[in-house]
1. Can we say residue 344 is assigned by TED's automatic domain parsing to the domain that holds residue 680, without any contact (Cβ under 8 Å) to a residue 40 or more places away in the chain, out of contact with any strand residue (DSSP E or B) (no Cβ under 6 Å at 6 or more places or on another chain) and over 20 Å from residue 53 (Cβ atoms)?
2. As an exercise: evaluate residue 311 against (1) surrounded by fewer than 18 Cβ atoms within 10 Å (Cβ to Cβ); (2) out of contact with any helix residue (DSSP H, G or I) (no Cβ under 7 Å at 6 or more places or on another chain); (3) in the same structural domain as residue 201 (by TED's automatic domain parsing) and give the number of the one condition it does not meet.
3. Determine whether segment 439-459 contains at least one residue that is modelled with pLDDT under 95, more than 20 Å from the chain's Cα centre (by Cα), more than 21 Å from residue 126 (Cβ to Cβ) and not in a loop (DSSP other than H, G, I, E, B).
4. Does residue 434 qualify as being without any contact (Cβ under 8 Å) to a residue 60 or more places away in the chain, surrounded by fewer than 23 Cβ atoms within 10 Å (Cβ to Cβ) and in a loop (DSSP other than H, G, I, E, B)?
5. If we scan segment 23-35, do we find a residue that is assigned to a loop (DSSP other than H, G, I, E, B), surrounded by fewer than 16 Cβ atoms within 10 Å (Cβ to Cβ) and at pLDDT below 95?
6. When you go through (1) over 18 Å from residue 69 (Cβ atoms); (2) modelled with pLDDT of 95 or more; (3) in contact with a helix residue (DSSP H, G or I) (Cβ under 7 Å, 6 or more places away or on another chain); (4) surrounded by fewer than 22 Cβ atoms within 10 Å (Cβ to Cβ) one by one for residue 148, which number turns out not to apply?
7. Do you know which residues across segment 628-665 are in a strand (DSSP E or B) and surrounded by fewer than 24 Cβ atoms within 10 Å (Cβ to Cβ)?
8. Across segment 206-234, what is the number of residues that are modelled with pLDDT of 90 or more and under 15 Å from residue 138 (Cα atoms)?
């Protein structure tokens with residue numbers, strides 16, 4: 001699959017720097033001082049190269065030599081946005097089998113529910129199949145075969161004196177280590193627009209036959225985290241289609257999934273070695289083994305000739321364009337001890353979101369490293385993955401992903417129609433086909449619905465051609481608003497519209513059957529409807545009366561003891577420990593969303609103080625800390641903003657490779673990285689760093705919203 005390489009946008013909406021700053025930021029120094037250096041074998045310190053639609057994750061050897069060792073840490077894998085697999089649906093399971101009917105405002109509404117907890121029933125099996133399929137597929141594992149002097153294969157414990165460095169400026173990983181005293185050097189890089197891994201290996205071990213390269217194809221794995229099944233050789237097929245001097249074309253098939261790998265090498269012999277296993281044996285003339293592996297959905301995309309140096313040069317040019325374009329934040333003049341760590345997180349988050357989240361699909365929460373929720377993506381998380389791209393003046397990345405919403409428009413319209421609503425209802429957990437996965441939580445969430453309007457308005461404000469932005473997204477904005485106007489239930493007794501059950505708010509501790517008027521969703525709903533109305537006026541079109549009526553008469557936020565309640569009927573919110581956990585979304589009403597007359601500043605300030613004091617912070621998630629920081633910045637509390645960006649809790653831990661660690665199940669969590677970049681941009685543009693002289697932050701090319 002061919003993709004356009006990274007392009008610097010032809011417009012710059014706003015160029016801004018720290019007040020009084022005269023010199024531009026030395027971007028090479030800023031980026032390079034955070035190159036990742038790994039000097040120990042550690043299952044959590046896997047590194048990745050990629051281009052946003054394809055990624056290749058490696059261990060300490062620079063390749064995928066020890067995948068078993070990494071299963072309990074960050075798994076090794078080769079994932080793409082096109083490599084999906086679906087198990088045969090021999091039992092003809094369908095969404096119609098998992099519909100749960102609710103009474104919503106006197107209307108019967110159907111929701112695709114997960115009945116997986118029922119044992120051995122057909123609808124439980126249907127739920128499981130529909131959730132699992134399609135799932136992202138590990139396209140193949142490329143590793144070293146390293147032998148000791150007795151000819152035995154070594155494990156991770158045989159790696160001596162490792163030093164691995166990710167050069168962020170060039171997107172290149174250099175891995176150096178020894179095997180029984182003999183040095184090995186491996187250089188790994190990914191092409192910026194084609195799904196090609198390029199590798200260079202230098203070692204005297206090749207002369208004695210103790211180092212070779214292995215390409216293996218696993219079976220599709222629908223499980224969590226481990227995206228490679230080994231041992232079930234009969235369910236898939238691998239073979240060499242073509243071969244010649246310095247090249248081989250390998251095919252892998254499983255069910256209806258088929259793809260090819262074009263292997264090109266400068267010297268050696270490539271041959272099959274057992275089921276789904278191929279070996280590249282160097283013919284050692286005292287030089288360096290170099291090879292490339294191009295993964296493609298079909299032979300049509302394969303390049304005729306690709307060598308290591310051309311891939312490395314392309315990557316170097318592309319990464320330089322990325323780092324010199326867009327926004328930058330420099331903390332080097334700060335004297336607060338926490339500033340360097342924050343700068344490290346910011347720089348590495350830019351790298352990780354570029355390689356994991358910048359492709360043609362909304363990313364899954366674990367990106368292109370391993371499968372969580374079967375590799376499907378969560379559209380309520382798309383805000384945290386993507387908003388920062390526009391704020392850091394890389395809007396073309398968000399624009400690329402907006403095409404997905406148009407692609408699944410028919411599915412989203414059918415979902416709304418099935419439930420008796422108008423317009424398009426955006427799903428929660430989906431694959432590239434846009435089909436909703438059954439869920440006990442996800443299908444009752446509604447806070448993903450306004451995201452489309454937020455994205456469109458953000459692109460409108462950051463666009464050099466606002467008329468084009470209106471043309472590109474107006475139909476999606478209006479179909480989104482049609483659903484939003486039809487969803488609230490009219491409360492004629494109180495002359496208002498309510499967000500009524502069944503729904504689960506972003507703070508998922510509340511039940512679908514009883515939740516009424518969650519604060520964040522009410523605020524977001526009104527803002528999005530009013531913005532859609534503004535789009536109608538910009539285009540000189542008539543505003544639908546229902547839109548204005550609902551926007552003007554949405555329920556107000558509920559207040560008790562001068563505090564905002566999380567939901568209207570959650571009067572025990574601050575006394576019940578159950579509700580003082582998960583996402584503190586009530587704070588998102590100010591900070592995540594633009595200022596609104598709906599939110600009273602003095603009440604929000606008291607609410608902020610109460611939440612900070614009483615919340616169960618270990619129960620939160622990686623994007624909660626930047627969310628709270630944005631609210632703090634909006635309230636003029638810069639010290640609190642810094643405190644929450646660096647809050648010392650497990651789920652705000654950032655590993656040496658830059659990944660936001662949550663727990664063993666989620667050792668990386670990209671919404672945290674994206675949220676951090678959004679929060680830092682907001683704090684910069686609002687000039688909300690502490691004013692005590694210890695935070696002299698220099699920044700440039702950031703947009704506000």
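1. Numbers: assigned by TED's automatic domain parsing to the domain that holds residue 680: yes; without any contact (Cβ under 8 Å) to a residue 40 or more places away in the chain: no; out of contact with any strand residue (DSSP E or B) (no Cβ under 6 Å at 6 or more places or on another chain): yes; over 20 Å from residue 53 (Cβ atoms): yes.
Criteria not met by residue 344.
2. Looking at each condition in turn, residue 311 falls short on (1).
3. No: zero hits.
4. On the way: without any contact (Cβ under 8 Å) to a residue 60 or more places away in the chain: yes; surrounded by fewer than 23 Cβ atoms within 10 Å (Cβ to Cβ): yes; in a loop (DSSP other than H, G, I, E, B): yes.
Yes, satisfied.
5. Looking for residues that are assigned to a loop (DSSP other than H, G, I, E, B), surrounded by fewer than 16 Cβ atoms within 10 Å (Cβ to Cβ) and at pLDDT below 95, one finds at least one in segment 23-35, hence yes.
6. (1)
7. We begin by selecting, within segment 628-665, every residue in a strand (DSSP E or B); these are 653-654, 660-661.
Those that are in a strand (DSSP E or B) and surrounded by fewer than 24 Cβ atoms within 10 Å (Cβ to Cβ): 653, 654, 661.
8. Residues of segment 206-234 modelled with pLDDT of 90 or more: 206-220.
Pick out the ones that are also under 15 Å from residue 138 (Cα atoms) and you get 215-220.
Matching residues across segment 206-234 total 6.
The values are calculated or read from the model by the stated rules, or taken from the named source; none is laboratory data. Just so you know, these numbers come straight off a predicted model, no measurement behind them. We place every Cβ from the backbone using ideal geometry, glycine too, and count neighbours over all the protein chains shown.
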